[in-house]
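The structure appears right after this line, and notes come after that.
The values are calculated or read from the model by the stated rules, or taken from the named source; none is laboratory data. Predicted model, so just to flag it, every value in this text is computed and none were measured. Glycine gets a Cβ as well: all are built from the backbone with ideal geometry, and neighbour counts include every protein chain shown. Surface accessibility is based on the protein's heavy atoms, side chains included, excluding ligands, DNA and RNA. Shrake-Rupley method; radii C 1.70, N 1.55, O 1.52, S 1.80 Å.
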2 protein chains.
Amino acid sequence: MVTGESRVGSAGIGREGIVDCDVHPSPRSAEDIKHHMSMPWRDLYKGGGRGFFNNPAHTTRLDSTPPDGAPAGSNPDFLREQHVEEYGVAYAVLLPRAFCNLHPDPDFGTAIAAAFNDWLANTWLEKYNHDGVFKGSITVAHQDPQAAAREIERWAGHSHFVQVMMDSGARAPFGQRHYYPIYEACERHGLPLAIHPGTDGMGINVQPGPGYPTHYIEWHTCLSLGFQAHLVSFITEGVFERFPGFRVVMVEGGVSWLPALMWRLDAEWKALRSEVPWLTRAPSEYLGDHLRLTTQPLERPASDKHLLNIFETMDAGRVLMFSSDYPHWDFDSPTHAFPKLPEGLRERIFSTNARSFYGFPA
Amino acid sequence: MVTGESRVGSAGIGREGIVDCDVHPSPRSAEDIKHHMSMPWRDLYKGGGRGFFNNPAHTTRLDSTPPDGAPAGSNPDFLREQHVEEYGVAYAVLLPRAFCNLHPDPDFGTAIAAAFNDWLANTWLEKYNHDGVFKGSITVAHQDPQAAAREIERWAGHSHFVQVMMDSGARAPFGQRHYYPIYEACERHGLPLAIHPGTDGMGINVQPGPGYPTHYIEWHTCLSLGFQAHLVSFITEGVFERFPGFRVVMVEGGVSWLPALMWRLDAEWKALRSEVPWLTRAPSEYLGDHLRLTTQPLERPASDKHLLNIFETMDAGRVLMFSSDYPHWDFDSPTHAFPKLPEGLRERIFSTNARSFYGFPA
């Protein structure tokens, strides 16, 4: 804890508490965001919905609505009580859902991102952050990488912004060159890039599959496929060679697919390395220095052994960082989402990996 | 063997020989196909290339060109010698590469499919099939499912056509309703549907990822993602409930991704089953009755144990069927592609699963 207080979490990590790498703060209403916008964006911005592919039942935990009836995730006191204190969270990495990359007009996307950053800094990261639990993400609109880089510059050095974030929904895989101003800025400031799902196949973003799905269950299941394609692109395009200090954390994209994808890509590379001569090592060998995955939604096969086998195969003690996705409907509880883990592995996934990745005190 | 001859394969399966579920016969030239076309298609058809995303080195094994210099896979005698006899292949399931689903005009696509079927039946399945080793696939163009169903009717009952095939490249996931005439015809005639990659992101087919990839290695690695999306679509749309006798074999789409995808989809279904009320069991429970995967290109992690763990997890003894992809560049040798398997498992993957699936003699 940055405050030095003792905090014994029920998740059993001890006085320092766990790190939750995916917590979603919400504005109370679109007015909170419009307040930080100039014209014409203030008139245009309506907040909220992404369009299609919404959970037909509920998008947030039914018990996460604060007592005042405001949106889930909009009340820092209630979030502290229900989540931070309940589970002994030492650091909650906040990822606001700006949905800024939906818009065809890059200036509008950039304005939404900037307004969310102003709002987050003023509220959760400063006004409501007396104990320093909340760490923020600099939202960028990847439609305009140069503008995104300027937005990163605007916030780099802020003591509570710990990463850059953008949505996985895209018009081109993330290894491609027009994105590089973003990665260059991330590397320059030592800020990892978090990639979060949610705008895939919406607005101007293509659906990362063979056409549009039909139901939310199909869309949501297949979100992990877009992450896989982005990762292959990052590696094969040589992004980690060009930006050796650049690090990526894939948030809420699934976990267990990693070994199968890397086996496949490593085999392809053995035969096709002449196509990507900038790679100086096998594709899977870039993961340790450049990639982390957050755990939610953690796959839970009927047999814990099968999951533990995958953990061993993927070197989970190095690559995984715990996340809950609070307050969303598919929240992973720190106390119930995992099978029993060896203590050292649990400590790494719930605490030390993220502390090391983000530079939090050990 | 349908001829009753003794055949001891070097792959060690015994006198009956192995079954290879992915062998590619080729016309000697476009003229072989044009010969079966009427106008205007005969004038329009040029054969060959798919456009972008070709292996920059070579698309077929360098040693697979027949002595007469004709295209790899175009000489049945040479294919018999180099592959069937070399490995003791009892049945070679042939999948011609018609690329018919690239074309915006569905009548052209249907004409190409029909010409390939005429050519395959006349040559490999009849003229060159004295020993009955060659089993064929009825190519259909999924742009026009009603015409595809008629093409299936035209060949159903032929003693050597054992399945219907179409490419994974598509404009919509395969669970969607407009495809159902194809599945209805497959079910009526007890013919499985083989899905093979190769036209993904080409012609009228969307790229099954977040935009177009850059290199062949990226495109080829991510082919498996399109298969995963199609499988999720088949299941969630209820295709296997609507057509209880309908069976799918995913050819050359990868293997090791299956457990991670099914864990994820099963978990989604627990929360979202109200969206897909037609499902009467958990998604993964449809696999046994309805899905097989062919093995090539088999993932080979550094540790055989990791692959064998995945095999156990995915019930490989039920779901996998061996394929070589002869004569393509990433051919899997029956004698070298696999780690040492328990004998019962090897027998199932290399022989009995496919015999049972296609109705070949045990």
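Output the residue which, of all residues in the range B:162-182 that are in contact (Cβ under 8 Å) with a residue 40 or more places away in the chain and out of contact with any Ser or Thr (no Cβ under 7 Å at 6 or more places or on another chain), is most open to solvent (accessible area, probe 1.4 Å).
The qualifying residue most open to solvent (accessible area, probe 1.4 Å) is B:R177.
Could we say that B:T236 is over 30 Å from A:S274 (Cα atoms) and among the hydroxyl-bearing types (S, T, Y) here?
Yes; evaluated as a whole, the condition is true for this residue.
A:D118: modelled with pLDDT under 95 and either within 14 Å of chain B (Cβ to nearest Cβ) or surrounded by fewer than 22 Cβ atoms within 10 Å (Cβ to Cβ) (or both), yes or no?
Answer is no for this residue.
If B:I195 meets every condition in (1) open to solvent by 10 Å² or more (accessible area, probe 1.4 Å); (2) under 23 Å from B:N54 (Cα atoms) apart from one, which number is that one?
Every listed condition holds for B:I195 apart from (1).
Based on this model, can you work out whether A:D332 counts as open to solvent by 10 Å² or more (accessible area, probe 1.4 Å), within 14 Å of chain B (Cβ to nearest Cβ), over 30 Å from A:F243 (Cα atoms) and under 25 Å from the mean Cα position of the chain (by Cα)?
Here the answer is yes, as A:D332 does meet what is asked.
Can you tell me which residue in the range A:301-329 is farthest from the other protein chains (Cβ to nearest Cβ), limited to those that are under 21 Å from A:H83 (Cβ atoms) and open to solvent by 30 Å² or more (accessible area, probe 1.4 Å)?
Among them, the one singled out is A:H328.
Within the range B:338-349, can one find any residue that is at pLDDT 95 or above, closer than 22 Å to B:L95 by Cα and either more than 14 Å from chain A (Cβ to nearest Cβ) or outside any helix (DSSP H, G or I) (or both)?
Yes, the range B:338-349 has at least one match.
A:F240 passes all but one of (1) touching a residue at least 24 places away in the same chain (Cβ under 8 Å); (2) facing another protein chain (nearest Cβ under 9 Å); which number fails?
The failed condition is (2).
Go through the range A:60-83 and report how many residues are surrounded by 14 or more Cβ atoms within 10 Å (Cβ to Cβ) and within 14 Å of chain B (Cβ to nearest Cβ).
Within the range A:60-83, residues that are surrounded by 14 or more Cβ atoms within 10 Å (Cβ to Cβ) and within 14 Å of chain B (Cβ to nearest Cβ) number 2.
Got at least one residue in the range A:219-227 being under 22 Å from A:E153 (Cβ atoms), at pLDDT 95 or above and buried (at least 24 other Cβ atoms within 10 Å of the Cβ)?
Scanning the range A:219-227 turns up no residue that is under 22 Å from A:E153 (Cβ atoms), at pLDDT 95 or above and buried (at least 24 other Cβ atoms within 10 Å of the Cβ).
Within the range A:42-56, can you find the residues that are among the charged types (D, E, K, R) and closer than 19 Å to A:D330 by Cβ?
Result: A:R50, single match.
Among what's in the range A:236-254 and is in a helix (DSSP H, G or I) and touching a strand residue (DSSP E or B) at 6+ places or on another chain (Cβ under 9 Å), pick the residue that is surrounded by the fewest Cβ atoms within 10 Å (Cβ to Cβ).
A:V239
May I ask you to list the residues in the range B:350-362 that are open to solvent by 50 Å² or more (accessible area, probe 1.4 Å) and in a helix (DSSP H, G or I)?
Hits for the range B:350-362 are B:T352, B:S356.
Go through the range A:127-161 and count every residue that is open to solvent by 20 Å² or more (accessible area, probe 1.4 Å) and farther than 21 Å from A:G17 by Cβ.
Number satisfying all stated conditions: 11.
Limited to the range B:133-188, what total is found for residues that are among the hydroxyl-bearing types (S, T, Y), more than 27 Å from B:F53 (Cα to Cα) and within 14 Å of chain A (Cβ to nearest Cβ)?
1
Can you confirm whether B:D330 is modelled with pLDDT under 95 and of a type outside the set (G, A, S)?
Against the criterion (modelled with pLDDT under 95 and of a type outside the set (G, A, S)), B:D330 qualifies.
Quickly run through the range B:213-222 and pick out the residues that are hydroxyl-bearing (S, T, Y) and part of a loop (DSSP other than H, G, I, E, B).
Matches in the range B:213-222: B:T214 only.
Quick check on the range B:309-362: of everything there that is in contact with a Cys (Cβ under 7 Å, 6 or more places away or on another chain) and of a type in the set (A, V, I, L, M), which residue is nearest to A:F311 (Cα to Cα)?
The residue in question is B:M321.
Any idea which residue in the range A:201-210 is nearest to B:Q176 (Cα to Cα), counting only those that are open to solvent by less than 10 Å² (accessible area, probe 1.4 Å) and at the interface with chain B (Cβ under 7 Å from one of its Cβ atoms)?
Per the criteria, the residue is A:P210.
Can you give me the number of residues within the range B:255-290 that are part of a loop (DSSP other than H, G, I, E, B) and either more than 10 Å from chain A (Cβ to nearest Cβ) or open to solvent by less than 10 Å² (accessible area, probe 1.4 Å) (or both)?
Total satisfying the criteria: 7.
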